[in-house]
Amino acid sequence: MATIVTEHEELEHNGEALPVLSASAKKMRIDKLLATPLPTATSSVPGSYLWTKIAFWMCRRVSTVQFRTTSSSSVETLERDGPGAMCCGWHTNGLMDPLGIFLQHPKEFVVGARHDLVTRPLLGWWTRRLAVQPVVRKAELLRGGCTEEEAMHLNGRSLLALSSGIAHGFGCVLFPEGTSHDNSHMIRFKTGPVRTVLAAAALAKANDLPLPQLVPVGLHFRRRELFRTDQYIEFGPAISLDEKQVPDAMVTAVKQGGWVEPPAETVHHIRDALQEVLPVLTPHASTWEEHRALHLIAHVRARANGTPLETWQQEVHAARTVREGWPDRKPSFPPEPLQGGSIEVAAQAAELLDQHGLDGRDLDGTGLGLRRAKLLSAPGGLVRMALFAAMLPVFLTSLGPQVALGRLLGDSTDEGLDARTSYQFLAAFFGSLLVWPVVAALWTGGIWWQQEAVAATFGLSADWLTGLTGTTALSLLTVYVCCFPAFWLSGKLFAGAWDAWVDAKKAWSRIAMPTEDKERLAKWLNQLASLEGGLQTG
């Protein structure tokens, strides 16, 4: 298929259109990028121990609120110690892609990232504490963001820094596509991750350390742009490197702090090996419509076998089984559209469900219609909403500004859907650091000012504040400290109430779906069941 290029688009050397850059990515400050702290390869963490531990502790807290479910699996045992690991995944969800790997792998990580992530306000301060290494992509170079010499110097510096960390047993995440995108399949692989891991192998060989491994990682989000979606991180079989793939010239060069490009044949061989296994761990569908159709077929088959898919992880693997076993499917990169069988009928049914905010989970036990609402779950949902309502004043003052800012930035970004949840995550992360101390002080001051009203409301003695710890000052400090878990609790209750609201909304969508749409859906589901040969049509 020919590439259609508008008059304002620019092309790479291979004739492909360059990715669209955000306004932030176009701003380059080489002097500040070259001043980025280098990671320490021989310590327990690459950057600041204190700030690294604080950052990841907070990331885990925010992640539990942002995602409804999180699961992970690994073909091989993941070890904190041992050889370094270069993790490679497809890249469709901005900062949430590397974060998912960081939080599910036991290793500490050296990090390479788009150059503007170390120069942005707030975020840049933190990434420099974590010793994140900036990378200039081909798209920025070709658009004149810096000279080729500057880009080569900066990227070479970052590559060697990352390689040294990997050689000494740290993990690293790089994305072979080189950019975040919204396709339903992977795009052309770049060689950066392979060259980096080969440099790490040369450093490991020079220092008599175990050679690092290349680890393909599947990153699965039910709907990546939605709050409280499901995520599944899948670590595939590692690709081991052979000492023969690391020429002596590279080993000699890195010993002296220099760099020699690895043989192109070796780079392309390892890249091709990664390209064989990594797409399998992604949707690898020609379109998102085809992807949704495969998941619907997986649900229909599971119901026919009496084993409904209960988790997102189960659904991912079941849909993959459908895809990989499709009759006359031709393995290709990028994938060709699936033909024949039940794919067209499934696509029609899946798109109709999607238009109403539904999917294969909303089918009944037969797979031929929509399921009814689970009345037994209603009391639990009402309790979650009631608990959140009780904490609403706390939530609005502590997390309300963050929610508003995350929604505003996520909906107005020029980086597309793949950056939406990244902005929401950053608003929650930095809001907790910057907003909560101020709000906690205001709550503490308000309680002190209105202590008599508080006593009357809760039936306490007039001197309850002093009696709490023996002194008013210590009691106020206690109140201030207790504000922070209260803010966190209000966020968790908000997440639970949001889940209850989404479940209730989906239940109403199943009930209120127009009769015409229900009839069309039933017709397609019956056809799908007949074509799949697993159910009786009615």
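Details
- Using Cβ point charges alone (K and R +1, D and E -1), the dipole size of the chain about the Cα centre works out to roughly 1300 debye.
- Residues ASP208, ASP272, sorted so that the one with the fewest Cβ neighbours within 10 Å comes first: ASP208, ASP272
- Within the chain, percent of DSSP bridges classed antiparallel, to nearest 5: 30
- Relative contact order (%) - criterion: Cα under 8 Å, at least six apart; region: segment 376-512: 35
- Greater than 26 Å apart at Cα, pairs in LYS107/LYS205; LYS330/LYS506; LYS330/LYS518: LYS330/LYS506; LYS330/LYS518
- As a rough guide to protection, the peptides 83-96, 347-360 ranked by mean Cβ packing within 10 Å, highest first, stand as 83-96, 347-360.
- The charge dipole of segment 30-280, taken about the Cα centre with unit charges on the Cβ atoms of Lys, Arg (+1) and Asp, Glu (-1), comes to about 960 debye, rounded to the nearest 20.
- Where both bridge residues fall in segment 30-280, DSSP classifies roughly 25% of the beta bridges as antiparallel.
- Length added when fully stretched, ALA390-VAL280, from 0.36 nm per residue minus Cα-Cα: 35.0 nm
- Options [x] 80, 72, 49; [y] 73, 68, 46; [z] 95, 65, 54 - which one matches Cα extents along the principal axes in Å as calculated here: [x]
- Cα centroid of segment 258-274 to Cα centroid of segment 455-484, whole Å: 65
- ILE511, ILE54, ILE447 arranged by Cβ crowding within 10 Å, fewest neighbours leading: ILE511, ILE54, ILE447
- Farthest towards the positive end of the charge dipole of the chain, among the residues LEU174, LEU278, GLY446, is the Cα of GLY446, using unit charges on the Cβ of Lys, Arg, Asp and Glu.
- Shape of segment 376-512, Cα gyration tensor, a/c cut at 1.5: oblate
- Mean Cα-pair separation over length for the chain, i.e. relative contact order, pairs under 8 Å, 6 or more apart, %: 15
- The chain: DSSP helices with Cα axial extent of at least 30 Å and average Kyte-Doolittle hydropathy no lower than -1.0: 472-512
- Normalising the average separation of contacting C-alpha pairs (under 8 angstrom, six or more residues apart) by the number of residues puts the relative contact order of segment 30-280 at 27 percent.
- Note on the chain: dipole from Cβ charges, positive end direction compared against PHE102, PRO263, GLY431; the farthest Cα belongs to GLY431.
- Computed lengthening from SER240 to LEU226, 0.36 nm per intervening residue step minus Cα-Cα distance: 1.4 nm
- The ranking of ARG420, ARG114 from fewest to most other beta carbons within 10 Å of each one's beta carbon is ARG114, ARG420.
- For segment 48-93, the set of trypsin sites (Lys or Arg not before Pro) satisfying both a DSSP loop assignment and a count of at most 13 other C-beta atoms within 10 Å is given as ARG80.
- Estimated from helical segments only, the mean residue ellipticity of the chain at 222 nm is -16500 deg cm²/dmol, where each DSSP H run of four or more residues counts as -39500 (n - 2.57).
- Cα-based shape type of segment 30-280, given that a ≥ b ≥ c are square roots of the gyration tensor eigenvalues and the cut on a/c is 1.5: rounded
Computed from the coordinates by the stated procedures, all read-outs in this text should not be read as laboratory data. Note that the structure is a prediction, hence the values are computed from the model and not measured. Neighbour counts run over all protein chains shown; Cβ positions are idealised from the backbone, glycine included.
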